[in-house]
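As structure tokens, the structure follows; a few thoughts come after it.
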Amino acid sequence: MVLVVGATGLVGNEVCHRLRRLGEQVRALVRTTSSRDKIETLRSSGAELCVGDPKDPRSIAAACCGVDAVISTAPSTLARQPGDSIESVDGEGQLILVRAARDANVNRFVFVSFRRTSRSRMPSKA
Ligand SMILES: NC(=O)c1ccc[n+]([C@@H]2O[C@H](COP(=O)([O-])OP(=O)(O)OC[C@H]3O[C@@H](n4cnc5c(N)ncnc54)[C@H](OP(=O)(O)O)[C@@H]3O)[C@@H](O)[C@H]2O)c1
């Protein structure tokens, strides 16, 4: 079972559908405010739906139960709901997810982000 966090997002949704086409069991993390259409296409693809939020440790512990791998692709940058921020979702929320995955003995954790380009590289310290 692969848990996809951000299953209704651009990247996560594609990941879910590709995994299902490969015959993998998928648990898709969604929230009550997520797009109904995306939830329905996930459901009809055979993915198991699970309501949760990286800001809510209990929901994440439940989502990680019985999972072999977690794919985390849930940035707060565009998909922002009240209470969502870089700090609460991308920061602490990801740590909650990592800890829950560790506690549930998940074998693999894939964190999707973006590659730093040479333009955005931090200046080296003198
Ligand atoms: N899109 C690209 O072309 C691209 C290219 C390179 C790298 N990336 C990287 O890939 C990652 C995913 O990007 P994306 O474009 O797929 O993002 P996106 O379309 O904005 O999707 C974000 C996903 O995260 C979920 N999410 C956000 N906050 C949440 C919360 N508090 N609780 C539960 N779910 C939450 C959203 O759920 P809701 O639907 O409920 O809002 C949605 O499923 C990012 O790290 C991005 O930098 C993307």
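The values are calculated or read from the model by the stated rules, or taken from the named source; none is laboratory data. This structure is a prediction, so every number in the text was calculated from the model and none was measured. Areas reflect the complete protein model, heavy atoms only, side chains present, ligands, DNA and RNA absent. Shrake-Rupley method; radii C 1.70, N 1.55, O 1.52, S 1.80 Å.
5 Å is the cut-off here: which amide hydrogens, built 1.01 Å from N in the peptide plane, fall below it relative to Ser76, excluding neighbours closer than 5 in sequence?
For Ser76, whose amide H was placed from the backbone, the distant partners under 5 Å are Asp90.
Hull surface divided by four, with the convex hull built on the Cα atoms of segment 1-60: how many nm²?
Projected area, direction-averaged: 3.7 nm².
Got a number for carbon plus sulfur as a percent of the chain's accessible area, 1.4 Å probe?
C and S fraction of accessible area: 54 percent.
If I take every Cα pair under 8 Å that is 6 or more residues apart in segment 2-114, average their sequence separation and divide by the length, what percent do I get for the relative contact order?
Rounded, it is 28 percent for segment 2-114.
Using the alpha carbons of segment 2-114, what is the convex hull volume per residue in cubic angstrom, as a whole number?
91
Quick query: amide H of Phe109 versus all other amide H atoms, modeled in the peptide plane; which residues come in under 5 Å with a sequence gap of 5 or more or a different chain?
So Phe109 has HN proximity to Val70.
How much length is gained on full extension from Glu48 to Phe111, taking 0.36 nm per residue of separation minus their Cα-Cα distance?
20.6 nm
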